[in-house]
1. Filter the GluC sites (Glu not before Pro) in the stretch 1-61 down to the DSSP loop ones having no more than 12 other Cβ atoms within 10 Å, then list what survives.
2. Can you tell me the relative contact order of the chain? Whole percent, Cα pairs under 8 Å, sequence separation 6 or more.
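Bear in mind that the values in this text are calculations on the coordinates, not laboratory data. Everything numeric here is computed off the predicted structure, so don't read it as measured data. As a convention, Cβ positions derive from the backbone with ideal geometry for all residues, glycine included, and neighbour counts pool all protein chains shown.
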Amino acid sequence: MVSALPSTSVVGTDIYFKVAAGTIWHLLYTGEETLPWTKIGGAALLDKTAVEKSTASTSYVTLENSPTITTPAVKIEANVRIGARLIVTGGPSFAYATMFTSGGAEVAATASEWNSGSPHGGTVFEAVALTASMTYTLRYKTSAGTSFWNHRYIEIDPTRVG
């Protein structure tokens with residue numbers, strides 16, 4: 001088991017990479033240029049909360065207890081899943097969620113729009129490029145009325161790392 005990726009390897013080599021406490025990824029070296037390791041096993045990074053919070057903001061805001069994940073010290077290409085159970089009051093409207101970096105930049109590839117008539121929002125984004133050692137947090141907004149969010153989650157499941 002390693003806590004840092006080897007600087008060189010041979011195609012076909014597999015390792016167990018300790019990502020965080022309790023999270024280990026089984027990786028296979030493919031030798032591709034920027035992301036030479038393919039994840040072949042191990043759990044995704046996940047943060048979730050059942051706590052309900054609301055917003056009437058039409059600009060993205062971080063709600064208390066917003067799901068947050070810090071990536072390990074490697075570049076990642078991942079399938080990202082974000083979701084929540086939501087209720088929107090105040091007429092027909094849309095609720096939005098997306099990931100933001102700790103520096104305040106929106107990860108546009110994860111922008112989600114959920115109709116107020118769809119109480120269980122959830123979206124999967126494939127092949128999202130994520131920065132090493134970056135903290136990602138979900139932020140929320142509504143087009144009108146008030147959006148109530150609970151059972152919120154963010155899951156980052158790498159496909160390739162480097």
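1. Working: sites: Glu32, Glu33, Glu52; in loops: Glu32, Glu33, Glu52.
Counting only loop positions with at most 12 other Cβ atoms within 10 Å, the GluC sites (Glu not before Pro) in the stretch 1-61 are Glu32, Glu33.
2. On the way: 430 pairs, mean separation 53.0, N = 162.
Worked out over the chain, it gives 33 percent.
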